1. Just checking, which of Glu240, Glu205 is open to solvent by 60 Å² or more (accessible area, probe 1.4 Å), more than 21 Å from Thr292 (Cβ to Cβ) and either touching a strand residue (DSSP E or B) at 6+ places or on another chain (Cβ under 8 Å) or acidic (Asp, Glu) (or both)?
2. Scan Ala72, Ala140 and give me the residue that is surrounded by 23 or more Cβ atoms within 10 Å (Cβ to Cβ) and closer than 27 Å to Thr242 by Cβ.
3. Residues that are small (Gly, Ala, Ser), more than 14 Å from the ligand (Cβ to nearest atom) and in contact with a strand residue (DSSP E or B) (Cβ under 7 Å, 6 or more places away or on another chain): find the strands (runs of 3 or more DSSP E) completely inside region 1-98 holding 3 or more of those.
4. Is region 265-274 home to any residue that is closer than 30 Å to Lys85 by Cα and part of a loop (DSSP other than H, G, I, E, B)?
5. Looking at region 81-138 only, could you name the residues that are in contact with a Pro (Cβ under 6 Å, 6 or more places away or on another chain) and more than 20 Å from Asn174 (Cβ to Cβ)?
6. Residues in region 122-131: is at least one within 16 Å of the ligand (Cβ to nearest atom), hydrophobic (A, V, I, L, M, F, W, C) and open to solvent by 10 Å² or more (accessible area, probe 1.4 Å)?
7. When you go through Leu246, Leu220, Leu311, Leu301 one by one, which is the residue that is at pLDDT 95 or above, under 23 Å from the mean Cα position of the chain (by Cα) and either open to solvent by 50 Å² or more (accessible area, probe 1.4 Å) or under 25 Å from Leu328 (Cβ atoms) (or both)?
8. Give me a count of the residues in region 94-115 that are in contact (Cβ under 8 Å) with a residue 12 or more places away in the chain, over 18 Å from Arg31 (Cα atoms) and open to solvent by 30 Å² or more (accessible area, probe 1.4 Å).
Amino acid sequence: MQEAMFWEKAADGKLECGLCPHHCRIAEGRRGICGVREARAGKLLASGYGKISSANNDPIEKKPLYHFHPGATIFSIGGWGCNFKCRFCQNWGISQKVVDSGDFFQPEKIIAAALDSKSAGIAYTYNEPLINIEYVAACARLAREAGLVNVLVTNGYIEREPAEFILPLVDALNIDIKGMEEKFYKEQCSASLKPVLEFSKQAVEAGRHVEITNLIIPGLNDSEEQIKKLAGWIRENLGEKTPLHLSAYHPEYKLDRPPTPPATLERAHDLCREKLTYVYIGNVFSDAGQNTSCPQCGHTLVIRRGYSTRLAGLDGQNCAKCGRPADLVLGR
Ligand code: SF4
């Protein structure tokens, strides 16, 4: 069993986990909210270490990342558990339960599979990867040595010190900002918004490539005020060129509201475009918000149809028409 990082013994003998803002105080034999950090014989163990629930060689656009290695595939792995309890979780079958008997994979095996698959690197995704920070770090170090990139798809709910530890090992992140109200985070996710915003800023300040996803849920976070607030916050704190993915919700887990209509996403797209250069629509059939265009001359740089991606209008790293540098991190 792998010992966990970022914990200390509290005065009452319980173990306090300092990985995420929940700061669970865990009694002997029990686990924290995420289900994968467990007190045993006076130590906190990372009991999810190496336990893989899912592995696929996905298009990187599926993470979604549209400005980082466009058109590449990324070897994507997930474990079990989550530190959020989102009522609308689209992956609740792995995030809201923990299977201890699952297959164990040494990091070396993950690197070998990623190399075999000819992907750009490894994405830590599907459930919340940062609750397994020890395993992500072990894989990420080896991946770097093998010339692979590391991508985190995360809810961003992590304390500053562990974030300082993991960010240097990560090349790109997609961070979920699920709404712009503390009330929403509390009632829908059993968590809080402020640490997510802080982590997003920290990732950008650390020089990582960051894209943001916002799942738009009818009646919960789709008001014009909320959408404008999100776009304004991103522009002010992360930069106007930060790609934003507006994603359609579908009824899942504990939420049975009807799916997000394409018109809602298109309206949100137009509102966000007033503040941000790159805004995309995902998880729904829509012609809007798919391609990447040059902000200077409007030339189409990247064409996307579903998960098929074509680099159509580039001359090296620049727009083929006006020569402006494209805001894309291109792969090999
Ligand atoms: S990582 Fe898990 S155990 Fe640690 S504070 Fe967060 S929810 Fe609790």
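1. Values: Glu240 fails: more than 21 Å from Thr292 (Cβ to Cβ).
The unique qualifying residue is Glu205.
2. Values: Ala72 fails: surrounded by 23 or more Cβ atoms within 10 Å (Cβ to Cβ).
Selected residue: Ala140, the only one of Ala72, Ala140 that is surrounded by 23 or more Cβ atoms within 10 Å (Cβ to Cβ) and closer than 27 Å to Thr242 by Cβ.
3. On the way: elements: 7-9, 15-17, 37-40, 43-46, 54-59, 73-78.
Here the list is empty.
4. Within region 265-274, the subset closer than 30 Å to Lys85 by Cα is 265-269, 271-272.
Still in the running and part of a loop (DSSP other than H, G, I, E, B): none.
Checked against the condition, which is being closer than 30 Å to Lys85 by Cα and part of a loop (DSSP other than H, G, I, E, B), region 265-274 yields no hits at all.
5. Ala138
6. Looking only at region 122-131, we keep the residues that are within 16 Å of the ligand (Cβ to nearest atom), and these are 124, 127-131.
So of that shortlist, the ones also hydrophobic (A, V, I, L, M, F, W, C) come out as 130-131.
Add one more test, that the residue is open to solvent by 10 Å² or more (accessible area, probe 1.4 Å), and what stays is none.
So far as region 122-131 goes, no, none of its residues is within 16 Å of the ligand (Cβ to nearest atom), hydrophobic (A, V, I, L, M, F, W, C) and open to solvent by 10 Å² or more (accessible area, probe 1.4 Å).
7. Working: Leu220 fails: either open to solvent by 50 Å² or more (accessible area, probe 1.4 Å) or under 25 Å from Leu328 (Cβ atoms) (or both); Leu311 fails: under 23 Å from the mean Cα position of the chain (by Cα); Leu301 fails: under 23 Å from the mean Cα position of the chain (by Cα).
Every option except Leu246 fails the conditions.
8. Taking region 94-115 and keeping what is in contact (Cβ under 8 Å) with a residue 12 or more places away in the chain, we get 94-100, 102-108, 110-111, 113-115.
Narrowing the set further to residues that are over 18 Å from Arg31 (Cα atoms) leaves 103-108, 110-111, 113-115.
Filter once more, keeping what is open to solvent by 30 Å² or more (accessible area, probe 1.4 Å): 103-106, 108, 113, 115.
Counting residues in region 94-115 that are in contact (Cβ under 8 Å) with a residue 12 or more places away in the chain, over 18 Å from Arg31 (Cα atoms) and open to solvent by 30 Å² or more (accessible area, probe 1.4 Å) gives 7.
The values are calculated or read from the model by the stated rules, or taken from the named source; none is laboratory data. In this text the structure is predicted, and so the values were computed from the model without any measurement. So basically every Cβ, Gly included, is an ideal-geometry build from the backbone, and we count neighbours across all protein chains shown. Just the protein is used for accessible areas: all its heavy atoms, side chains included, with ligands, DNA and RNA removed. Shrake-Rupley method; radii C 1.70, N 1.55, O 1.52, S 1.80 Å.
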